[in-house]
Amino acid sequence: MLLGFFTEDAYDRLLSEVSENKDKYLQPDNWVANYFGSGVEWYGMSSQQVNKFTPFMSGSKDKSEDDCINAINLHEAFKITPLQATNKYMWAYMCHVDEDCRKYMRYRWSDSKPEQRYFVPGEGMGLYYFNGLSRLWWWAHLTYDPDNRDHYALTKILFENQMLGKDILDTLNRTNFKRMKGILLAIRDFKAVVDPHEAITDYFRECKKELNHCAAINVFDYLDYEDIQKLTFDTLVKIRNQSKQ
């Protein structure tokens, strides 16, 4: 299939009128197709061929596993470049127009504001954290490990705790794969030695402060991921021990 995209005017109009159309986002029919009227060029088709993405919907209340499966499937289906994946008009078009994606969006984000999940708010941050489809692609892309037999092993760690995942995907980690890999493997190891019900998000937020301080002193680009993994694990253990005193 070819990737479609909204025109800038169509995107801006839908976003500006989202409050008026709020109920339409809960409807199964493709209301956008008739919204602009005849004679209005509201979309285009690129020359980029991708495979069809069919979202997985288990019906479970906990959507984390669904999200992980869909992130991997979407990344495998959409073999596009990072530059192409920054196109907010393409992601918004998929959310609004593609039949399977519309069904998924209603299933996954019916309780969320359409302006956050069907569009890309805040430019770059919206791609990673908000848009219902782009966030899946980017989380899989940023954790894709070509050197691992399971290319998505890190992706699976990231999706185990999506609140923690947002903290991990901060700017410094997104721009340094070795740092991302080391941190995710450290979190995997840390979770293996603490109570499975113990919340670790606060530990990591404190850990991240120390890692950022270390990055300001040491050049992380020259550290291997194993070094970052050990540093992160040791820091998490230290912070946890201090919290128990």
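The values are calculated or read from the model by the stated rules, or taken from the named source; none is laboratory data. Being a predicted model, the structure only gives us computed values, none of them experimental. Cβ: placed from backbone, ideal geometry, glycine included. Neighbour counts: every protein chain shown.
Determine which member of the set H151, H197 is free of Cβ contacts under 8 Å to residues at least 12 places away in the same chain, surrounded by fewer than 16 Cβ atoms within 10 Å (Cβ to Cβ) and not aliphatic (A, V, I, L, M).
Values: H151 fails: surrounded by fewer than 16 Cβ atoms within 10 Å (Cβ to Cβ).
Every option except H197 fails the conditions.
Tell me which residues, restricted to segment 123-180, are assigned to a loop (DSSP other than H, G, I, E, B), under 22 Å from N87 (Cβ atoms) and not charged (D, E, K, R).
The initial filter retains those residues of segment 123-180 that are assigned to a loop (DSSP other than H, G, I, E, B), namely 123, 130-133, 144-152, 160-161, 169-170, 175-176.
Adding the requirement that they be under 22 Å from N87 (Cβ atoms) leaves 123, 130-133, 144, 169, 175.
If the condition is that a residue be assigned to a loop (DSSP other than H, G, I, E, B), under 22 Å from N87 (Cβ atoms) and not charged (D, E, K, R), then F130, N131, G132, L133, Y144, L169, T175 are the ones that fit.
When you check V120 against the structure, is it surrounded by 14 or more Cβ atoms within 10 Å (Cβ to Cβ), within 14 Å of the chain's Cα centre (by Cα) and in contact (Cβ under 8 Å) with a residue 24 or more places away in the chain, yes or no?
Values: surrounded by 14 or more Cβ atoms within 10 Å (Cβ to Cβ): yes; within 14 Å of the chain's Cα centre (by Cα): yes; in contact (Cβ under 8 Å) with a residue 24 or more places away in the chain: yes.
Here the answer is yes, as V120 does meet what is asked.
Please enumerate the residues belonging to segment 98-122 that are among the aromatic types (F, W, Y) and assigned to a loop (DSSP other than H, G, I, E, B). Once the filter is applied, which keeps residues that are among the aromatic types (F, W, Y) and assigned to a loop (DSSP other than H, G, I, E, B), segment 98-122 yields Y118, F119.
Out of segment 210-245, which residues are part of a helix (DSSP H, G or I), surrounded by fewer than 12 Cβ atoms within 10 Å (Cβ to Cβ) and not aromatic (F, W, Y)?
First, pick out the residues of segment 210-245 that are part of a helix (DSSP H, G or I): 210-217, 220-222, 225-244.
From the residues that got through so far, the ones that are surrounded by fewer than 12 Cβ atoms within 10 Å (Cβ to Cβ) too are 213, 216-217, 221-222, 241-244.
H213, A216, I217, D221, N241, Q242, S243, K244, listed by residue number.
Let's see how each residue does on (1) over 27 Å from Y144 (Cβ atoms); (2) among the basic types (K, R); (3) modelled with pLDDT of 95 or more:
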| position | (1), (2), (3) |
| --- | --- |
| E8 | yes, no, yes |
| S47 | no, no, no |
| S60 | no, no, no |
| E65 | no, no, no |
| R117 | no, yes, yes |
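Return yes when L211 is at negative phi and at pLDDT below 95 and no when it is not. It would help to see each step written out before you state the result.
Values: at negative phi: yes; at pLDDT below 95: yes.
Yes: the conditions hold for L211.
Here G39 meets the list (1) on the phi < 0 side of the Ramachandran plot; (2) free of Cβ contacts under 8 Å to residues at least 40 places away in the same chain almost entirely, failing just condition (1).
Do you know which of the residues in segment 123-175 that are of a type in the set (K, R) and out of contact with any Phe, Trp or Tyr (no Cβ under 8 Å at 6 or more places or on another chain) is farthest from C101 (Cα to Cα)?
Filtering segment 123-175 down to residues of a type in the set (K, R) leaves 135, 149, 156, 166, 174.
Now narrow it down to the ones that are out of contact with any Phe, Trp or Tyr (no Cβ under 8 Å at 6 or more places or on another chain): 149, 156.
Values: R149: 29, K156: 22 Å.
Ranking the candidates gives R149 first.
Screening S58 against (1) buried (at least 16 other Cβ atoms within 10 Å of the Cβ); (2) of a type in the set (S, T, Y); (3) under 29 Å from K166 (Cα atoms) leaves a single unmet condition, (1).
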